[in-house]
1. Find, among the trypsin sites (Lys or Arg not before Pro) in region 109-179, those assigned to loop by DSSP (not H, G, I, E, B) with at most 15 other beta-carbon atoms within 10 angstrom.
2. Rank GLU23, GLU89, GLU52 by mean-square fluctuation in a GNM of the chain with C-alpha springs under 10 angstrom and give only the top-ranked residue.
3. At q = 0.09, 0.19, 0.20 Å⁻¹, what log₁₀ I(q)/I(0) does a Debye calculation on the Cα points of the chain give, no solvent, two decimals?
4. Which percent of Cα-Cα pairs in region 80-123 sits in each 10 Å bin, short to long?
5. Return the single residue from GLN110, GLN80, GLN33 with maximal mean-square fluctuation; model: Gaussian network over the chain, springs between Cα atoms under 10 Å.
6. Tell me which DSSP H helices of the chain clear both cut-offs, 18 Å or more of axial length from alpha-carbon atoms and a mean Kyte-Doolittle hydropathy of at least 0.0.
7. Test of understanding: what is the full-extension gain from ARG2 to LEU91, defined as 0.36 nm times their sequence separation minus their Cα-Cα distance?
8. Would you please give the residues with an amide H less than 5 Å from that of PHE167, counting only those at least 5 places away or on a separate chain, with H modeled from the backbone geometry?
Amino acid sequence: QRQIDTLGPVNLAAIQELGSETERKGHLDSQMQDLIDASETLESAMNKIDRETRGKLLATFNKANQNFGELFSTLFGGGQARLELLGEEILDTGLQVFSQPPGKKNTTIQLLSGGEKALTAIALVFALFRLNPAPFCLMDEVDAPLDDSNAERFCDMVKKMSEHTQFLFVSHNKITMEI
């Protein structure tokens with residue numbers, strides 16, 4: 001009797017409360033399952049976007065690398081250049097520029113002369129412009145370190161690229177001013 005007394009009075013509404021709480025638990029379980037389903041859908045979408053981004057970035061990198069090699073050879077009258085990824089993960093790695101003008105053995109851009117560095121940089125910029133031509137390009141004395149033969153090749157490249165892009169550049173080079 002004492003144990004029964006310690007339980008307290010009988011809750012006559014317990015059966016109704018149980019039904020109400022069971023219904024509430026079912027509603028919460030349903031919401032939890034909706035959250036789990038939404039999380040899985042979101043994760044699947046993120047993985048798809050990640051795969052597509054990696055694929056598009058790699059394709060763009062390869063095309064830019066190809067353009068860079070072609071334009072480098074055109075600007076230098078030979079030689080070769082390439083871009084290399086510094087790591088395995090394309091989304092968070094860096095790039096290194098390798099260039100080898102005709103008749104030279106060096107492979108990194110740090111070992112080039114000022115004019116060679118300028119032409120290499122121009123080849124890279126124009127390679128990117130080939131991918132997605134901008135309406136205009138502004139350059140400030142990019143031809144300053146170039147000798148006459150390199151300035152002529154630069155001008156020829158600008159003429160070709162001006163089919164898709166308006167160029168505005170500052171120059172003190174007479175050959176460049178003529179175009």
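The values are calculated or read from the model by the stated rules, or taken from the named source; none is laboratory data. All values reported here derive from a predicted model rather than from experimental measurement. Quick reminder, even Gly has a Cβ in these numbers, built from the backbone with ideal geometry, and neighbours come from all protein chains shown. Accessible surface areas use protein heavy atoms only, side chains included; no ligands, DNA or RNA. Shrake-Rupley method; radii C 1.70, N 1.55, O 1.52, S 1.80 Å.
1. In loop regions of region 109-179 (DSSP not H, G, I, E or B), there are no sparsely surrounded trypsin sites (Lys or Arg not before Pro).
2. Sorting by GNM fluctuation, first place goes to GLU23.
3. Relative scattering, expressed as log10 I(q)/I(0), comes to -0.51, -1.25, -1.31.
4. Calculated P(r), rounded to whole percents: 27, 48, 21, 3.
5. In the Gaussian network model the winner is GLN33.
6. The qualifying helices are 114-131.
7. 24.8 nm
8. When sequence neighbours closer than 5 places are left aside, the close amide H contacts are CYS137.
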